[in-house]
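The values are calculated or read from the model by the stated rules, or taken from the named source; none is laboratory data. This structure is a prediction, so every number in the text was calculated from the model and none was measured. Note: ideal-geometry Cβ built from the backbone for every residue, glycine included; neighbour counts use all protein chains shown. SASA here: full protein model, heavy atoms, side chains in, ligands and nucleic acids out. Shrake-Rupley method; radii C 1.70, N 1.55, O 1.52, S 1.80 Å.
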Amino acid sequence: MEGYLFKRTSNAFKSWVRRWFTIENNQLVYRKRTKDSLTVMEEDLRLCTVRPLVEIERRFCFEVLSPSRSHILQADSEADYHAWMNAIQAGVSTAYNNHQSVDKAPDGHSDTQSGDSSASGDSQAKVQAALPPSYESEKFSRMSQILSVAGNSECCDCGSGEPRWASINLGITLCIECSGIHRSFGVHMSKVRSLTLDSWEQELLKVMLELGNSVINQIYEANVDENAFKRATPHCNREVREAWIRAKYIDRAFVRKLPRPEDHEKPSSPKTWSVKKWKRRSSPSKTTESPSPGATGTPSAGDAPAMEEKGTLLEGQSQDSGLGGSTQDVIVFGTTATEHPVTTPTGEDEDSMSEPETDPDTQSTTSYEDFSKLHPDMLLYKAARARNLPVMREALALGADPNWQNEEEHHQTPLMKAIASGSMVPLEFLLINGAKLDTKDDRGQSALHHATLLGHTGQVCQLLKRNANQQAVDENGRDPLSIAISEANADIVTILRLSKLNQEMKETEGMYGIQGDETFNEVFRDFTSMAHNAPEKLNRNK
Amino acid sequence: MGTKDDEYDYLFKAHTDTCTAFLFLVAVVLIGDSGVGKSNLLSRFTRNEFNLESKSTIGVEFATRSIQVDGKTIKAQIWDTAGQERYRAITSAYYRGAVGALLVYDIAKHLTYENVERWLKELRDHADNNIVIMLVGNKSDLRHLRAVPTDEAKAFAEKNNLSFIETSALDSTNVETAFQNILTGKCHLTWLYRVAVHGNKLHEATMTIKIYKIVSQKQFPDSPEGGDSPSNNVETIIVAPTDNTGGRGKKPCCGT
């Protein structure tokens, strides 16, 4: 089903704009004109309902309701009106039926609608054909990138082929059945998205590309007692699947524990640890081989590489295998997992934007910490600075609190360390894993203060997109804007002021649109994509 | 569809009920070399203030003011941008959504007038094709220091299809007029249409017909619609990007 509908804008003006709407793959999408890019209005019609609207100034209006939003649409004629209502409703029920047939999960909503599925199927085929090729190819390239990450061609939990869903905070791909179970556990555990249907921000895509099923299963299935637990398989029943996923991610029953400090009191044991820093894959020749040059100049230079060369480091848990009887001084977390070669989006990488050359710390690992300080919170904290997503994920699996504050370092949070890394990727990863935006350190500075001080434009956008509080002042009474002004960082000043203006417009004009002002959103999109694709442009001051 | 004025009357005046349903929001951008007085023009217009010691703008500053046009309230959102190169943000931020631009130079500094060409180029590269541009010679109070003759600037403006005015933010001369002109030019249909959709960008004049239909839809719901695909319902209305008849001297281009 496709055609023009009027849509009432969600801003204060309640004006009506005409858009070309299509229902495809159970999504309701629209665009201004054929060549324009798609906007997804509702990404999953399964969650929506449609109802007629009579008490409104226009005729032929109906409302599409999702759990969080409502859209008011107007058809051109009564016939169109009925056709759309039916098509959306059919989409709802088809989607539901599909889901049910694979899921076999009884659900209370099943009686609402049925029977129209064939009609919707036809229209879907038509819509597929009508989609502009660029959209399809972008979708395809994103999907093939994600699926090419180690282990991602099979469902992370049951091993089914051709997974088409993802858990973005875990960084894995899933089959439809397992994704349903993930979803049932709630978004704090797993945030499920479709590889084929949903729109993906670049930073999120990068999060996915740096994790993947192999990495995650090395963490979450490190110690599986096959006698005690029944593994989920592609054709297992729902109970087995649910029990497995629960044990794996909620109980974290198979995660290997960190070594306790007392285990390392033996003279032969390592005394310190650190986290390997993520390296740009574009850097020549170091990507797949064992990374040793990073350790040069460190106190334990001779030892760390030796350990790495054994090739036993899996997810920083190598200490069990690689150390026996040797005189290692240091354990480096995440030496292999970060190096696995994956296809990366062309035109990256945003990491060069912030502190590539200016980073005084050119070592390949974070500073060395004593073993007494080896606990999940600290591991997450250090891994965030090292921009090492696998180790960050592992720390979370070990129970790290994403909002832990390091008392020894001004009560800073992992989020602030991710800011210091200069990359949008660990920042995104923490934000989708429950890190709070506005926590302050003991100098009264929030993550937004830090990003502003460091001149990390892309990160400022990321934080403001999530409504970070820009009124917050630090101990010197400075808010992020005054910092940006004194740093004379024109881009960040502009972004902060624009965001402030947007906020004020919302308040004074009563705009309640979730999306906010379109201009504001577009500027932010520009800056974000610049941070990904042309970071040098943002790095032009001084 | 008749002349632009007819259409304006039809859309904007005749359908008061429809038009009042909109809150008109217009974004205008101030550009020009550093030190020509953009920020003071803004503060004069929005707050009636003038500051002899104003500092260089970093990035962009915003101010708003509401004005009345034909009984409707128009909210002007003015983007005051940095003139100085090193304080300028990435330009994509500035010109997004702007429907009008005041291109300011200093009548006492010839270089700032020479650079108008460069600013025009920047507008053409980054702003909407239909943006309405007014050339503003500021600091007209500095008569004894004048370096840019009014006639020369006027001729340049005509050649480039720009409106033209000389202002003084210091003694307030023409500041109101300049902003009024850019904000209310009823001959600028593109502007009207964009206002009607809340100041969002519309890239091509062809989009204007769609807004026309939104308005007419309600009035005459039974009138036949165009086709139902994006490609075949667009009737092209050619809208001149700027008004080249108005703006001579101090006469507002669109009159009352």
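Observations on the model:
- Think of each Lys and Arg Cβ as +1 and each Asp and Glu Cβ as -1; about the Cα centre, that makes the dipole of segment A:437-542 roughly 260 debye.
- Filter on A:440/A:506; B:38/B:159; A:14/B:159 - keep pairs with C-alpha separation over 32 Å: A:14/B:159
- Rounded, prolate or oblate (a/c below 1.5 giving rounded, otherwise prolate when a/b exceeds b/c) for segment A:437-542 by Cα gyration tensor: oblate
- Estimated dipole of segment A:131-255 in Debye, rounded to 20 [Cβ of Lys and Arg +1, of Asp and Glu -1, Cα centre]: 200 debye
- Accessible-area loss of 50 Å² or more (1.4 Å probe, protein heavy atoms, chain alone versus all protein chains) is found in segment A:21-42 for A:32, A:33.
- Protection proxy ranking, peptides A:219-227, A:483-491, average beta carbon neighbours within 10 Å, highest first: A:483-491, A:219-227
- Heavy-atom accessible area per residue - segment A:142-279, 1.4 Å, Å²: 40 Å²
- Solvent-accessible area per residue, Å², over segment A:437-542 with all protein chains present [probe radius 1.4 Å]: 39 Å²
- With a 1.4 Å probe rolled over the protein heavy atoms of all chains, the accessible area of B:125, A:441 falls in the order B:125, A:441, largest first.
- Between A and B, buried accessible area from a 1.4 angstrom probe totals roughly 3700 Å², ignoring ligands, DNA and RNA.
- Entries of A:257/A:436; A:206/A:373; A:32/B:75; A:277/A:417 with Cα pairs more than 18 Å apart: A:257/A:436; A:206/A:373; A:32/B:75
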